[in-house]
Amino acid sequence: YCELLYYAQVLSVTLLNEYHLFPGEVVCQCVERSLSMIVGLLSIEMIGGVYCPLSSENPEHRLQTLVEQTQARLILVHSLTNRIFKECFITYDIDTAININFTITNDDLCRLSNMSITSDNISYIVFTSGSTGMPKAVQVRHRNLTVYRKSLAELTVFKETDNVIQMASCSFDNHFQDIFVTLMIGAGLVMLHPYGNKDLTYLIHEIMDKDVTFLDAVPSYFDALCQYIETQNANDCLKKLRTLNSGGEILTNQIMLRLKKYVSIPLSPSFSDGCQLRNMYGQAESTITSTYFQIGFDFDYDKQVISIGKPLPNYHCTIMDGHYQFVIVNQEGELFVGGAGVFAGYLDRDDLTAKALAEIDNQLFYRTGDLVRIDNNGLLHYQGRKDHQIKLHGQRIELGEIERCLLNITSISACVVMKWNDDYLVAYVQSSHINEEELRQHCQSHLPPHMIPSFFIILDKLPLNANGKVDRKQLPPSHYSSSTIPTLSELDTPTNQIEKSVYDIWCQMFESNGQHISTTANFFAIGGHSRLFIELYHRYQSIFGFDGRTLSVNLFLKQPTIQQHAKLLKTVTTDDIQREQWCTLHINRSMASFAQERIFLDEQIRPPNKRIFYNNFVALRVTEGVLSINRLRQALQLVWRKHEILRTSLVFNNDESALQQYVTDDRKTITFLHQQTFENGNDLQNIIYRTVISSDLFDLSSGRVFCCQVLQQQKTTREVAHTGFLEKSDVLVLYLHHAAIDGTSIAILLKDIYNAYSDNMTVSYDEQAMKYIDYAVYERLMDMASSRSFWYSQLERFDLKRALKLPVDRHRLPTVQRSDLASVAQISFDQELSTMFLNYACVHRITPFQLALTVFYVFLFKLTHEETDLCIACVNANRYRSELENMIGMFVSVLPYCVQLNSHWSFDKLVKHLREKCLSILQHSHYPLQHILTDFQLNQLDVSFLEIVFNFLPESINIDRYSVDNVRLDEVLIEPSDEISQFDFSITFLYNPTSDDHKLSYKFSCSHDLFDSTTIKAMVQRFQNLLSQLFLANSNNTEKNLSTKPIKRLSLILPQESDEIYSTTFNRATDVATEGMAILLSHEKIL
């Protein structure tokens, strides 16, 4: 508790000093279950703020709406959620406060102690579903929560000696009880990892390992837990529980009877020596729970019905009929809850507050809308709702909110949403111009997951009763939904044994009774829900034999189809090395990685003056603020020490005939090049260009693979130069060798530098974390036999030495005679073309990479006079394991992608063919190029496919702009007069999904020794014309739907050339008496 208090105080001081928050101000927090969640929550309360939790499972549009509704200035996030919110919101990463070394002064403590907070101040707000279409923000006071804690203490629901496991999602008001009440009482709090409540194996382990004594969950979750306990024969896992509470939905006798078998039964009515079983009932508006029913050890499950009990201490309940008259025993009426738990009202919705609250005998009561009756023993029994609000898996849902969301679609004239079979939501829609997928996507963009209907039934007209209202009794049953009836496009069957096994499991789970389930159907779109998904996940675990560390439940949630699940499960059946967690080996010497080896050998075969292809750089210009150069040096030194690859040498060991890597001494210092000044942009570009092409910039043998340089703009006579600072227009340049740092690593490197500079010269460092040198060992331990067979089967039919007949301007020179200069042309997609391109990818279920690659193959097919055997090289990121995602190093692989086209195939068919090829290659992308060349007895200099390269770069992390301590840095783009080209012919696609426009662009970079600049520019025009034919409905090509026609009918002839040919062919010249027809369609001439 002392340590937790320290972290909370550090964050509290930060919020006060840096963000100037004041008591009563709403602070939103979007954090997964973690220590950061607790620290953030306590800090908000400590400064008198109003805690407002936001679930990361909500769609972006809904999160934005909720934040705007609270008018919060700040959102607290952490490492798992810090990319959810756009730049228009101010966010603060709680992990930063936890990881920094911060000294709290007496003044800080005095300020925190003197914060003015009263019992009537708002403690937290939580959103509930709203029938008007807008979520309602329930405001709960500090005194509401304090008295609620006292009420539970009187019943000994919580004790200081308890260990409480935090189960509820932050969108569920029970999470306030799990956290606030537990900490207020002083008990132990067990935090599961994110999604840990969906992994029952992990949950059971934590319950037993942490000696959990208190467990609270919804009945359907307990039902799934009992089923798991039965299948795993884990009969003793709940024996240490002192309290087991269930609430949120109707608790049946059957579920409680199952639970009772696994808890400790009290030996006497005193309950002191066994587990106390309770059914809890309440609403957010009455502070979590308002009534309880204690289920005795002698409860007769055959004759008695579990009730919702009687009010908690300090709570009052009354039942009134439709005329606001008190009811008699066993008469049904609406439940009103009064007492200390009644909330303060809905945020900024006085109208709704007035409807929700009623004054009875000078006391304020909350109208629950629930229908109940009271029996002769004074126990309350839940009978149903007086409106259309429902409870689904513990979540309160206003069906009207879902209906209003759907009615926002202009083509829908009416709709009704209903609960079906206690497990599903069904939406009935009146429309003739929409399909189910469009409805589902709309709901996924605006509603949280638990409010998305499982079934959509589209009707020409909803049935009406005599009063003109929708007659719900006449609506067709949910199995009428066409989402359960596969269309021809969905009748895909399992293609391998693993898919067949997964398919069979799904059929059992859904009780399909022989009805087909598409292997591409979304689990949640065909009636699945969270409880069923937990059962499915544990069915996988028992059949395929893996645990949550190997494949987490989160992976399956994010990829919810049979095909995707089969691919995930295939990874646990392939090789044992991949199944194990890779961790540090604590070594400083090993064999080089395959990627390092490839680059090292490639440099060796080039003349000394041409070994500059792998020299990279990043230049960052200060546009606002000032950076201390000395502090920047310290930050760079810290990062240099943290990442061993930045000081790793590559040396060829002649005795062992192998390339080895050595981690050099971290007591050395990072290399800083001579500080220079520049006059203007051209001068800056010349300095950087001269440096980056220098053959002496790096020395792999000594580990000099990373260095820095400060370039300052010359000041005018009136300006004062400050050599110790980087000021506006000054530039920091980081020079990087590709053998140590690939493109993905640059963003990781910059983030660490910025964090080190901002966090008082500290960097997060885990001694046990895996290093790049460890990766080089592990990749050589992997079983390559299946991959070797795969690549042999892929390439044996092709002549890998045969060069494609590209329309070159000059013959190819020997390597030593090449100038290495490039002819370059680049163009961006306009917004329409980007949209159509990405829409095509979405509809055909392929990635932008796969679609761009398909287009490039078609382009080569037309460019080479319709050659059908096409072999090219593709660049792969090759970070195929989670341990590699945030590691700095060189992982990129270059692999042969060879296809045998059929000129009669349509573009659509080619897309499908390449999708399957890419997916199969992905499983074997770790197989190194040098192994492939050796297997086929090829020399790298003789392989033609390595000269035609396709690359696709998703710009998921923007490094062109960053800020450090209020200093803004922009990336400087250098455009040298003489660009260099490593390959004969290459194309690079750039994809930026975060950009509002120009999401896609491409760049041709070709050897100037082979192609003139005018030729490459003409190629770009033809490539653009090809894209227009395929994706733009209003292209100049007169023939439409070309993606469904044979690819041989696509053309590289530009519209203006076509017009010129037509004019030349058919127009009669005035000075010629008799004309013949002469058409010259020379391919080289056109290009």
Worksheet item: Is there a residue in region 673-692 that is assigned to a helix (DSSP H, G or I), of a type in the set (Lys, Arg) and free of Cβ contacts under 8 Å to residues at least 12 places away in the same chain?
Response: yes
Discussion item. Against the definition (buried (at least 21 other Cβ atoms within 10 Å of the Cβ), modelled with pLDDT of 90 or more and not assigned by TED's automatic domain parsing to the domain that holds Asn421), how does Asp216 come out, yes or no?
Written reply: yes
Fill in: Among (1) modelled with pLDDT of 80 or more; (2) buried (at least 21 other Cβ atoms within 10 Å of the Cβ); (3) not polar (S, T, N, Q) - the single one Ile505 does not satisfy
(2)
Worksheet, complete the sentence: Given the conditions (1) of a type in the set (Phe, Trp, Tyr); (2) more than 22 Å from Gln139 (Cβ to Cβ); (3) touching a Leu at 6+ places or on another chain (Cβ under 6 Å), every one holds for Phe102 apart from (3)
Fill in: Test result for Arg631, among the basic types (Lys, Arg) and more than 27 Å from Val733 (Cα to Cα)
no
Discussion item. One residue is enough: does region 450-457 have a residue meeting the conditions part of a strand (DSSP E or B), of a type in the set (Gly, Ala, Ser) and outside the structural domain of Asn522 (by TED's automatic domain parsing)?
Written reply: no
Worksheet item: Restricting region 829-872 to residues that are more than 28 Å from Phe945 (Cα to Cα), part of a helix (DSSP H, G or I) and not aliphatic (A, V, I, L, M), which is modelled with the lowest pLDDT?
Response: Cys842
Worksheet item: Wholly within region 548-587, which helices (runs of 4 or more DSSP H) include no fewer than the required count, namely at least 2 residues that are at pLDDT 70 or above, farther than 15 Å from Tyr195 by Cα and not hydrophobic (A, V, I, L, M, F, W, C)?
Response: 562-570
Item to complete: Please find, within region 307-331, the residue that is surrounded by the fewest Cβ atoms within 10 Å (Cβ to Cβ) out of those that are aliphatic (A, V, I, L, M) and touching a Ser or Thr at 6+ places or on another chain (Cβ under 7 Å).
Response: Ile308
Worksheet, complete the sentence: By my count, strands (runs of 3 or more DSSP E) wholly in region 326-394 with at least 3 residues that are closer than 16 Å to Ala284 by Cα and of a type in the set (Lys, Arg) are none
Worksheet item: Restricting attention to region 873-892, which residues are crowded, with 19+ Cβ neighbours inside 10 Å and part of a strand (DSSP E or B)?
Response: Ala873, Cys874, Asn876
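The values are calculated or read from the model by the stated rules, or taken from the named source; none is laboratory data. Values in this document were obtained by computation on a predicted structure and should not be read as measured data. Please note: Cβ atoms are built from the backbone with ideal geometry, for glycine as well, and neighbour counts cover all protein chains shown.
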